[in-house]
Amino acid sequence: MAASFKDARFNDVRPGKVIAWTLLFLGGVVMVTPLLFMLSTSLKPASDVYDLRLIPARPTLENYLAVFEDGRFPGWILNSLFIATVVTLSNVFFDSLVGYTLAKFKFRGRYLVFIAILSTLMIPTEMLVIPWYIMARDFGWLDSYWGIMFPGMMTAFGTFLMKQFFETVPDDFLEAARIDGLNEFQIWWRIAMPLVTPALSALAIFTFLGNWTAFIWPLIVTTSAELYTLPVGLSSFSVEQAIRWELIMTGASIATLPTLVIFIVLQRFIVRGVVKAGLKG
Amino acid sequence: MATIELQNIVKRYGKAATTVQGIDLSVADGEFVVLVGPSGCGKSTTLRMIAGLEDITSGTLRIGGRIVNELEPKERNIAMVFQNYAIYPHMNVGQNIGFGLHASGLDKEAKQKRIRETAALLGLEPLLDRRPAQLSGGQRQRVAIGRAMVRDPAAFLFDEPLSNLDAQLRAQMRLEIKRLHQRLGTTTVFVTHDQIEAMTMADRIVVMRDGRILQVGTPLDLYERPVDIFTARFIGSPTINLLPGRLSHHGDGLAVELDGGGPRVPVLQAVQGTAKDAPVMVGWRPHDLVVDDGAAAAAEAVRLTGEVSVVEPLGSETLVHIDAGGSQIVASTGGKAIPKVGERISVRAPLQSLYLFDTATERALVSR
């Protein structure tokens, strides 16, 4: 019955494909293993944390109970959710507004403004943290929501991304709208924005995930535990008595859920957005 | 409805060359005017200045008697149809048409009524809920026209609206637009580089070149009495035959000696403003130049002979390309009498059908 194994799928197996699949599989393993260990550790009692078996010998949900009984944890989730949402909305609005202006309006110094914005991409966060801190201190924003959010309310990357996308929108649409009687703001909001939804989704997802997982700046700018974001809160499990890996991993597992949900819901937009960026950017 | 008047309109981009070099044009109320010319002649720029999408460098633009130089597009009460339709992909047909009423201040019900009326007029009623992506090119163009019409504007501006359609659809839309204009009677300015569109649709054609108007006239005017070689070549399909020659005295009249030893061509019309013995270009429309069947005694005709190089049978007629003493000429013959390639034939044209141009200035020398 060997012939029955000659399925159509196996007929066009080529060496190139085998290599590609192998590499992809290895890459997948490298990506997924830490996540599996995170999940596995969250299901182990504290005494088994250094037992590196993937399937817990004595699976338990007590870590999850402990994390929620701690009381601060739901607050951290809400903080992260609030901050990531506000920053995302702000980015979607302002990045696209500036990107649109740079893409579609001809004015003196336009190129210079664009280069200036773009050049900030070359400065790493670690270097910006000090001026941000001085700014937050001088304005009295330390240990506040605004203090956590202000550096990310608009990003050079988002502006650049949106500018590139708006450049692909034909001017005819905007001119037709101008003749139809829309003002410039309405043209942007009602005509141009709906035409770049893939880019907007991609920007929203990147921004949300970036802020959901942001660690250094929220850690520096906050001092009171009520203002901690999830990653900062989780890290506090490691400083009090000892490193409580099982609790950190439990918190991290829970923190992964919203990102997973967002990704599954918006995946087609991400892929479309990235594909379009690849073709037309 | 309104008149459109352009007075010495100039468009200059920065320090670069002037795109439109001071044009004067007056479009009457309800008139269908076509701006035609090769690409880069300034026709689209002129249209965009009328629309308010480009600033006017100098000159005066009036729509309905009102100076509109400084007015925003929306304040000019005009509607424009673009080359690539520019219908919004995220809205359905009904919303797209209704978008033209955005600034109308009508209530929802009145808007819906207008949308339905417009859609009915354009045969778009069954498509009102469709998205542009689900429409054919012709349907999209109709939606674009619908969006322009719904507002009942003072004037329609069309910027090469048919150039993205295939030949058959183009002919059909041409007819539809013309019919629509006859029905609505709205002042229309239409830009195209296609002389057939210009000839078939226009009340008057404006021929432009290098940012200037060369000639304004009815389609027949331009065909019969082109002011220069450019217009003569541009209007009419197939293109006019032009042969080099020299103007000379012959008896009491004038004649042209064709270069390369062709026949002497008597000039019956009055010739203005050129030195005798000057180099000229003699022209005949291919439809005036018919293949000689030898039957008619053609005393009043010019005869040219040559070898058939290409034959294009079109059904109702056949175009015959002839190599006549080094010059290529095109003549026409009835659909059924198709000469063979390589055959020597003679063609004749009535003496009155001759066009004459000064070779140096390219201006017409006879008034027909």
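The values are calculated or read from the model by the stated rules, or taken from the named source; none is laboratory data. All of these numbers come straight from a predicted model, not from anything done at the bench. Here the Cβ is made from the backbone with ideal geometry for all residues, glycine too, and neighbour counts use every protein chain on show. When the accessible area is computed, the model is the full protein with side chains, heavy atoms only, and any ligands, DNA or RNA have been set aside. Shrake-Rupley method; radii C 1.70, N 1.55, O 1.52, S 1.80 Å.
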The stretch A:193-207 residues near the modelled A:VAL113 label - backbone nitrogen below 18 Å, point 7 Å along Cα→Cβ: A:193
Ranking A:TRP21, A:TRP188, A:TRP245 from most to least accessible area with a 1.4 Å probe gives A:TRP21, A:TRP245, A:TRP188
D (Stokes-Einstein, µm²/s), Kirkwood Cα radius, the stretch B:241-358, 1.306 mPa s at 10 °C: 108 µm²/s
Calculated FRET efficiency for the pair B:SER39/B:ARG183, C-beta based, R₀ 22 Å, to 0.05: 0.10
Rounded to the nearest 0.05, FRET efficiency between A:GLN267 and B:THR200 (Cβ-Cβ, R0 56 Å) equals 0.60
Using alpha-carbon coordinates, inclination of helix B:137-149 to the longest axis of chain B, degrees: 60 degrees
Mind checking the mean number of beta-carbon atoms from other chains within 10 Å of the Cβ atoms in B:45-56? 1
For labels at A:LEU257 and B:ASP210 in the simple 7 Å Cα→Cβ model, what's the distance in nm? 7.6 nm
Projected label distance in nm at A:ALA46 and B:GLN352, using a 7 Å step from Cα toward the beta-carbon: 11.5 nm
Under a GNM of chain B (C-alpha, springs under 10 Å), which listed residue has the highest mean-square fluctuation: B:ALA16, B:ALA171, B:ALA148? B:ALA16
Here the whole-number average of other chain Cβ atoms within 10 Å per Cβ of A:169-176 is 6
Using Cα pairs closer than 8 Å and at least 6 residues apart in sequence, work out the relative contact order for the stretch A:1-128, in percent. 12 percent
Fully extended contour minus Cα-Cα distance, from B:THR218 to B:ALA270, at 0.36 nm per residue: 16.4 nm
Compute the convex hull volume of the Cα atoms of the stretch B:108-264, divide it by the residue count, and report the result per residue in Å³ as a whole number. 165 Å³
For a quick size check, give me the Cα extents of the stretch B:4-227 along its three principal axes, largest first, whole Å. 49, 38, 31
For chain B, percent of DSSP beta bridges that are antiparallel (nearest 5) comes out at 75 percent
Sorted by accessible area (1.4 Å probe), largest first, how do B:HIS102, B:HIS250 line up? B:HIS250, B:HIS102
At R0 = 22 Å the Cβ-Cβ FRET efficiency linking B:SER237 and B:LEU169, nearest 0.05, sits at 0.70
So what is the 222 nm mean residue ellipticity for the protein assembly as shown from helices alone, if each DSSP H run of at least 4 adds -39500 (n - 2.57) and you divide by all residues, rounding to the nearest 500 deg cm²/dmol? -13000 deg cm²/dmol
Highest mean first, how do B:209-216, B:41-48 rank when packing is the count of other Cβ atoms within 10 Å averaged over residues? B:41-48, B:209-216
Neighbouring partner chain Cβ atoms per residue of B:80-88, average, 10 Å criterion: 5
Within straight cross-link reach of B:LYS340, meaning Cα distance under 20 Å, which aspartates and glutamates are found once same-chain residues fewer than 8 apart are removed? B:ASP292, B:ASP293, B:GLU307, B:GLU312, B:GLU317, B:ASP323
Restricting to aspartates and glutamates and to Cα separations under 17 Å from B:LYS113, and discarding same-chain partners fewer than 8 apart, the set is B:GLU125, B:ASP129, B:ASP152
Most fluctuating residue given options A:GLN267, A:GLN186, A:GLN164, as computed from a GNM of chain A linking Cα atoms under 10 Å: A:GLN186
In the structure shown, of B:LYS43/B:LYS178; B:LYS11/B:LYS178; B:LYS43/B:LYS276, the pairs separated by more than 32 angstrom at the C-alpha atoms are B:LYS43/B:LYS276
Take A:PHE25 and A:GLN186, extend 7 Å from each Cα along the Cα→Cβ direction, and tell me the distance between the two endpoints in nm. 6.0 nm
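Sort B:176-185, B:325-334, B:132-141, B:222-231 for me by packing, meaning the mean count of neighbouring Cβ atoms within 10 Å per residue, highest on top. It would help to have the intermediate numbers written out before the result.
Values: B:176-185: 14.9, B:325-334: 18.4, B:132-141: 16.6, B:222-231: 20.1.
Packing proxy ranking, top to bottom: B:222-231, B:325-334, B:132-141, B:176-185.
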Return one quarter of the surface area of the convex hull spanned by the alpha-carbon atoms of chain A, equal to its mean projected area, in nm². 23.0 nm²
Hull surface divided by four, with the convex hull built on the Cα atoms of the stretch B:99-194: how many nm²? 6.5 nm²
Folded to 0 to 90 degrees: helix B:167-184 orientation relative to chain B principal axis, Cα: 60 degrees
Mind checking the log10 I(q)/I(0) for the protein assembly as shown at q = 0.05, 0.08 Å⁻¹? Debye, one equal scatterer per Cα, no solvent, two decimals. -0.44, -0.84
Select from B:MET201, B:MET149, B:MET91 the residue whose mean-square fluctuation is largest in a Gaussian network model of chain B (Cα-Cα springs shorter than 10 Å). B:MET91
Would you list the membrane-span-like helices of chain A, meaning whole DSSP H runs whose alpha-carbon atoms span at least 18 Å along their axis and whose mean Kyte-Doolittle value is at least -1.0? A:15-42, A:72-104, A:125-139, A:197-212, A:245-280
Net charge (Lys, Arg +1; Asp, Glu -1) of residues whose beta-carbon lies under 15 Å from that of A:LEU121, A:LEU121 excluded, is -1
